[in-house]
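Worksheet for the structure shown next.
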Amino acid sequence: MCELSDLQRDALCELFNLGVGRAAHSLSQMVQDEIQLMAPVIDLVRACEVMQALLGADFKEFSLVTIDFSGSFMAKAILIFPERNALAIVGSLLAPDLTPEEVSEFEQEAMCEIGNVILNACMSAVADEFGITLFGSLPEHYFSDTQAMRLFAEDDERLVLLLRIQLVIDQRRIQGQLVLLLSIDSFQALCNHLDTYLTRLGIA
């Protein structure tokens with residue numbers, strides 16, 4: 001299996017931290033309230049292992065937003081929150097007098113907007129620092145249904161970068177995950193750009 005060196009892993013983590021910082025700023029402006037986002041260490045697994053590695057036995061229902069990126073490398077970026085956490089986020093962004101049923105009705109649209117901000121901020125941070133161009137598709141939202149689960153097929157040999165995202169809103173800590181789904185070739189292209197970036201910084 002492909003691997004990341006400690007230096008590559010640390011650099012990618014810093015780049016994604018830069019991205020989630022941008023996303024937190026944008027979301028804070030949207031809701032006119034402070035939102036904090038943090039992304040700790042990256043894990044690398046195969047796509048067929050991601051559900052077990054990421055969700056665990058107690059994580060049955062989730063809300064998921066995807067954006068396909070193309071350009072210097074190709075990747076499917078995925079933002080995942082447990083369903084209960086997704087509703088808490090959406091409720092914080094909407095009018096306080098809405099009922100839980102009304103909040104649920106707005107979930108898909110709101111989660112697409114949140115995913116669009118977070119995923120594009122993270123990928124644009126990587127692209128900016130690498131000096132490359134990435135193009136993102138429109139965001140798509142899924143619930144924990146068969147269609148969403150097919151993103152991680154049992155025979156899928158693609159690689160997955162996992163980042164656990166911690167969002168702080170209304171003094172509540174909400175745990176989610178940012179997933180980057182890559183082919184072997186795209187992973188290698190990402191590593192090549194990463195090595196060039198580290199060399200330019202005089203680190204590699």
Six or more apart or on different chains, Cβ under 9 Å: which pairs go from a residue in the stretch 184-201 that's buried (at least 18 other Cβ atoms within 10 Å of the Cβ) to one that's acidic (Asp, Glu)? Could you list them? 197/129
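For residue 143, state whether it is surrounded by fewer than 21 Cβ atoms within 10 Å (Cβ to Cβ), modelled with pLDDT under 90 and touching a helix residue (DSSP H, G or I) at 6+ places or on another chain (Cβ under 8 Å).
Working: surrounded by fewer than 21 Cβ atoms within 10 Å (Cβ to Cβ): yes; modelled with pLDDT under 90: yes; touching a helix residue (DSSP H, G or I) at 6+ places or on another chain (Cβ under 8 Å): yes.
For residue 143, the condition - surrounded by fewer than 21 Cβ atoms within 10 Å (Cβ to Cβ), modelled with pLDDT under 90 and touching a helix residue (DSSP H, G or I) at 6+ places or on another chain (Cβ under 8 Å) - is met.
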Selection from the stretch 72-86 of residues farther than 16 Å from residue 16 by Cα, surrounded by fewer than 22 Cβ atoms within 10 Å (Cβ to Cβ) and touching a residue at least 60 places away in the same chain (Cβ under 8 Å) yields 72, 74, 82, 83, 85
Tell me whether the stretch 42-51 contains one or more residues that are of a type outside the set (A, V, I, L, M), assigned to a loop (DSSP other than H, G, I, E, B) and modelled with pLDDT under 85. no
Take the stretch 32-46 and flag every residue that is surrounded by 15 or more Cβ atoms within 10 Å (Cβ to Cβ) and over 17 Å from residue 166 (Cα atoms). 44, 45, 46
List every residue pair whose Cβ atoms lie under 7 Å apart, where the two residues are 6 or more positions apart in sequence or sit on different chains, the first residue falls within the stretch 147-171 and is modelled with pLDDT of 65 or more, and the second residue, located anywhere, is of a type in the set (Asp, Glu). 162/43
Of all residues being part of a loop (DSSP other than H, G, I, E, B) and under 15 Å from the mean Cα position of the chain (by Cα) in the stretch 110-140, which is nearest to residue 164 (Cα to Cα)? Just the residue, please. 139
Here the residues within the stretch 117-136 that are polar (S, T, N, Q) and touching a strand residue (DSSP E or B) at 6+ places or on another chain (Cβ under 7 Å) are 120, 133
Find all pairs meeting these conditions: Cβ atoms under 6 angstrom apart; at least six residues apart or on different chains; first residue within the stretch 22-39 and closer than 16 Å to residue 88 by Cα; second residue among the β-branched types (Val, Ile, Thr) and not in a loop (DSSP other than H, G, I, E, B). 27/117; 35/169; 36/168; 37/20
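The values are calculated or read from the model by the stated rules, or taken from the named source; none is laboratory data. Just so you know, these numbers come straight off a predicted model, no measurement behind them. So basically every Cβ, Gly included, is an ideal-geometry build from the backbone, and we count neighbours across all protein chains shown.
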